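These notes are about the structure you will find just below.
The values are calculated or read from the model by the stated rules, or taken from the named source; none is laboratory data. Just so we're clear, the structure is a prediction, and the values are computed from it rather than from any experiment. Neighbour counts run over all protein chains shown; Cβ positions are idealised from the backbone, glycine included.
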Amino acid sequence: MCEIPEPRTPGMYPIEPLPPGWENVWVTIRNTRRVEMLEVASSTLYPQEPLNLIALKCLGLFLVVTPLYYLSYFTVHLIRLSLVPLVNGSATAFFREFWKIVQIPFLWIGQQFAALYGVWDPLRGRALFGKLESLLHDGKTRREAEQHQKAVKSGADLLWEACCVEEPKTALFLGFCMQPYGRTDDPAVTRWELIPA
């Protein structure tokens, strides 16, 4: 008997079987229906992509992107170390920036490990990379950063905030595709359902 294929939305990859602990789900987020990958243990939704593509992205992150990003990130925080206390007149700002600079090498090593791990286990490597990147940005999520950047809209204001504001609300995420979209209990998720294997 001929099976009728599930209708594909533009830009959606073919649905492939996932390892235990992960499920393909149809998710409706703000009237947009799409396929996502669900990490069952944490109810976290990730973008739906082929596992080979995720592994290739992890390899690129390990070899080129993460080292360059961290070099730039470290340079920005060295600049912030002197600017933020002067602009804000706060002695605690110096210690916060100094603590951030101390954390950067450890988070870089962690993200390098996560990216390398993602070459062999793409889903868990991506989840670990995303968690560490959120830690790098003081627990901010991709959605929070995007909403703030859309609200500000001015590049000059975002640059000022990135360099001079004591606790910036903006964040430049390195791997947007590594970051979760949210969770199944997120208010933006109006409906979700498992795709039978």
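Numbers at a glance
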{"quantity": "So Arg34, is it among the charged types (D, E, K, R), surrounded by 13 or more Cβ atoms within 10 Å (Cβ to Cβ), in contact with an Asp or Glu (Cβ under 8 Å, 6 or more places away or on another chain) and in contact (Cβ under 8 Å) with a residue 24 or more places away in the chain", "calculated": "no"}
{"quantity": "Criterion (of a type in the set (S, T, N, Q) and modelled with pLDDT of 90 or more) met by exactly one of Thr32, Thr9, Thr44", "calculated": "Thr44"}
{"quantity": "Subset tally (residues that are surrounded by fewer than 17 Cβ atoms within 10 Å (Cβ to Cβ) and under 13 Å from Cys177 (Cβ atoms)) for the stretch 50-63", "calculated": "4"}
{"quantity": "Subset of the stretch 37-48 (residues that are of a type outside the set (Ser, Thr, Tyr) and surrounded by fewer than 19 Cβ atoms within 10 Å (Cβ to Cβ))", "calculated": "Val40, Ala41, Pro47"}
{"quantity": "Restricting the stretch 90-116 to residues that are of a type outside the set (A, V, I, L, M, F, W, C) and in contact (Cβ under 8 Å) with a residue 40 or more places away in the chain, the residue that is surrounded by the fewest Cβ atoms within 10 Å (Cβ to Cβ)", "calculated": "Ser90"}
{"quantity": "Matching residues in the stretch 167-192 - criterion: being more than 24 Å from Leu53 (Cα to Cα) and surrounded by fewer than 16 Cβ atoms within 10 Å (Cβ to Cβ)", "calculated": "Glu167, Asp185, Pro187, Ala188, Thr190, Arg191"}
{"quantity": "From the options Glu161, Glu133, residue that is in contact with a Pro (Cβ under 8 Å, 6 or more places away or on another chain) and either of a type outside the set (Val, Ile, Thr) or at pLDDT 95 or above (or both)", "calculated": "Glu161"}
{"quantity": "Residue list for the stretch 142-171, restricted to those being touching a residue at least 40 places away in the same chain (Cβ under 8 Å) and within 19 Å of Tyr69 (Cβ to Cβ)", "calculated": "Ala162, Cys163"}
{"quantity": "Checklist (1) closer than 22 Å to Glu166 by Cβ; (2) within 20 Å of the chain's Cα centre (by Cα); (3) modelled with pLDDT of 95 or more applied to Val76, failing item", "calculated": "(3)"}
{"quantity": "Residues located in the stretch 67-76, provided they are out of contact with any Leu (no Cβ under 7 Å at 6 or more places or on another chain) and crowded, with 17+ Cβ neighbours inside 10 Å", "calculated": "Tyr70, Tyr73"}
